[in-house]
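Q: Shown below is the structure under consideration.
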Amino acid sequence: GGGVDGQGAPAENIELAETYYRAFEVLARDADFVADVWARKPLLVAEPIAGVAGSFTLDDVREAVDSDFLEAGLGVPTAEGGWKMAPVSQPRGSSYEDAKLRYVDVAAGIERGTVVFNSAGAHVPKLGAICLAALRAFGLPNCLNMYLTGPSVKQSAPPHTDKQDVFVLQMSGAKHWRVYEPPPPSRRPGSDPLARGKGDDKLCLAELGEPLLETVLTPGQLLYVPAGFPHTTGTVDPHDGSHVCDPPEPSVGLTVGIDTHIWGLNYFSSRQGALALASLPDQLTPTQLDPDKYWRGMRVPQSVGFLRAHAEAAGEEERAGGDGGGGGGG
């Protein structure tokens with residue numbers, strides 16, 4: 001069934017939701033994406049998607065910040081080599097207006113690094129429309145973060161992993177991305193493979209091989225990065241120090257994260273829940289498994305979300321193949 005139910009929403013938000021729904025639906029319906037890419041490797045959709053470039057701009061950011069009480073963080077590297085959020089601004093007093101984030105603070109933060117609006121889709125209606133489009137297309141819980149980076153930031157995010165499968169959409173400017181094969185979880189069995197390089201955890205480039213994918217993401221393009229795949233970003237080319245956007249301008253990017261692991265929609269979580277219901281001990285440490293077994297256990301069951309239709313289609317083909325070929329008789 002098509003489209004997004006936009007009852008009561010502004011017309012421009014309905015149109016935006018339809019634009020993104022069409023983009024997400026292409027992937028959700030693609031059997032090759034499900035079989036070969038989803039949760040297995042990164043993918044760049046290099047052909048700009050119609051209607052995506054410029055669909056959320058710095059002017060939209062200014063309007064959202066001015067009209068609501070939004071929170072944002074400034075991504076900063078830690079002394080240990082990790083990455084954490086610092087405040088973009090400090091309250092100037094006790095009143096609502098004095099405590100409120102201002103766009104001038106955001107603009108200043110962009111020049112120092114990356115300003116991150118986590119869960120922006122829950123607070124900004126225009127971005128909420130994109131979340132609804134992703135929910136409609138993939139049938140899975142999601143959230144949307146917004147990342148604003150100045151044009152001269154060599155490394156806006158050091159190597160790290162995320163708990164979500166993410167679809168990154170470039171609005172304006174450009175950003176350099178490198179995506180790597182996950183290191184074997186057994187190397188650091190006490191670390192969360194989906195949160196490496198965050199907080200006090202250190203993830204060095206020396207732990208990683210050559211990038212699986214290296215690209216400069218430009219307006220309208222989409223990048224898919226599976227959960228747990230390390231990546232780095234910046235607005236300066238790490239090879240020669242040149243700006244990746246000419247003329248240089250801030251990067252505005254939206255990341256739609258599919259929250260399957262946040263909600264325990266994987267085989268390991270299903271196993272853990274079944275053991276708990278049966279009051280049985282769980283003696284398995286998944287990170288001590290071989291990488292292939294670990295990542296198979298972290299997959300989303302085929303009965304969930306957009307994967308179900310593909311599993312049912314494969315089952316029908318298998319049954320048809322089993323029924324066929326007998327022929328003639330009689």
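The values are calculated or read from the model by the stated rules, or taken from the named source; none is laboratory data. Note that the coordinates shown come from a computational prediction; the quantities given were computed from them, not determined experimentally. Reconstructed Cβ throughout: ideal geometry from the backbone, glycine too, with neighbour counts over all protein chains shown. Heavy atoms of the whole protein, side chains included, go into the accessibility calculation; ligands, DNA and RNA do not. Shrake-Rupley method; radii C 1.70, N 1.55, O 1.52, S 1.80 Å.
Q: Leaving ligands, DNA and RNA out of it, report the carbon-plus-sulfur percent of the accessible area of the chain at a 1.4 Å probe.
A: Ligands and nucleic acids excluded, carbon and sulfur reach 51 percent.
Q: Identify, among Gln170, Thr114, Gln90, the residue whose Cα sits farthest towards the positive end of the charge dipole of the chain, taking +1 on the Cβ of Lys and Arg and -1 on the Cβ of Asp and Glu, with the dipole about the Cα centre.
A: The one lying farthest along the dipole's positive direction is Gln90.
Q: Could you give the longest part of the chain that holds none of the chymotrypsin sites (Phe, Trp or Tyr not before Pro) found in DSSP loops with at most 12 neighbouring Cβ atoms within 10 Å?
A: Segment 70-262 is the longest.
Q: Please label the shape of the chain as rounded, prolate or oblate, based on the square roots a ≥ b ≥ c of the eigenvalues of the alpha-carbon gyration tensor (a/c under 1.5 means rounded; beyond that, a/b larger than b/c means prolate, else oblate).
A: prolate
Q: Quick check: pseudo-label points 7 Å beyond the Cα along Cα→Cβ at Arg40 and Lys293, how many nm apart are they?
A: 2.2
Q: Roll a 1.4 Å probe over the protein chains and send me the accessible area per residue for segment 199-330 in Å².
A: On a per-residue basis, segment 199-330 sits at 55 Å².
Q: Which of the lysines could a cross-linker bridge to Lys163, judged by Cα under 22 Å and excluding same-chain residues fewer than eight apart?
A: Within reach: Lys41, Lys84, Lys175, Lys198, Lys202, Lys293.
Q: Using the Cα centre as the reference, give the magnitude of the dipole from point charges on the C-beta atoms of the chain (Lys, Arg: +1; Asp, Glu: -1; all else neutral), rounded to the nearest 20 debye.
A: Value, rounded to 20: 820 debye.
Q: Provide the gained length on full extension for the span Asp68 to Asp200, in nm with one decimal, where the gain is 0.36 nm per separating residue minus the Cα-Cα distance.
A: Stretched out fully, the Asp68 to Asp200 stretch lengthens by 44.3 nm.
Q: To continue, here is another question. According to a simple spin-label model (label point 7 Å from Cα along Cα-to-Cβ), what is the distance in nm between Glu210 and Ala276?
A: So the two model labels end up 4.4 nm from each other.
Q: At 1.4 Å probe size, put Asp98, Asp165, Asp201 in order of accessible surface, largest to smallest.
A: If we order Asp98, Asp165, Asp201 from most to least accessible, we get Asp98, Asp201, Asp165.
Q: Quick one: plug the Kirkwood hydrodynamic radius of segment 240-330 (C-alpha pairs) into Stokes-Einstein at 10 °C, 1.306 mPa s, and report D in µm²/s.
A: 87
Q: Here's another thing I want to ask about it. So what is the accessible area of segment 6-142 per residue, in Å², with the probe set to 1.4 Å?
A: 51
Q: What ranking of Ser94, Ser152, Ser242 comes out by heavy-atom accessible area, probe 1.4 Å, highest first?
A: Ser94, Ser152, Ser242
Q: A further question on this structure: For helix 267-277, report the angle its Cα long axis makes with the longest principal axis of the Cα atoms of the chain; keep it between 0 and 90° and round to the nearest 10°.
A: Roughly 80 degrees, rounded to the nearest 10.
Q: So, one more: Contour minus end-to-end for Arg187 and Arg102, with contour as 0.36 nm per residue of separation and end-to-end as the Cα-Cα distance?
A: Difference between extended and current length: 26.3 nm.
Q: Out of residues 5 or more away from Asn142 or on other chains, whose amide H comes under 5 Å of its own, with H placed 1.01 Å from N in the peptide plane?
A: Asp259
Q: Could you work out the helix-only [θ] at 222 nm for the chain, with each DSSP H run of four or more residues adding -39,500 (n - 2.57) and the total divided by the number of residues, to the nearest 500 deg cm²/dmol?
A: Rounded to the nearest 500, the figure is -8500 deg cm²/dmol.
Q: Looking at segment 139-222, which trypsin sites (Lys or Arg not before Pro) are in a loop (DSSP not H, G, I, E or B) and have at most 14 other Cβ atoms within 10 Å?
A: Those that pass, being in a loop and sparsely packed, are Lys154.
Q: Provide Rg over Rh for segment 113-156; use the alpha carbon set for both Rg and the Kirkwood Rh (inverse mean inverse pair distance).
A: 1.11
Q: Given a cut-off of under 8 Å on Cα pairs at least six residues apart, what relative contact order in percent is computed for the chain?
A: Reported relative contact order: 22 percent.
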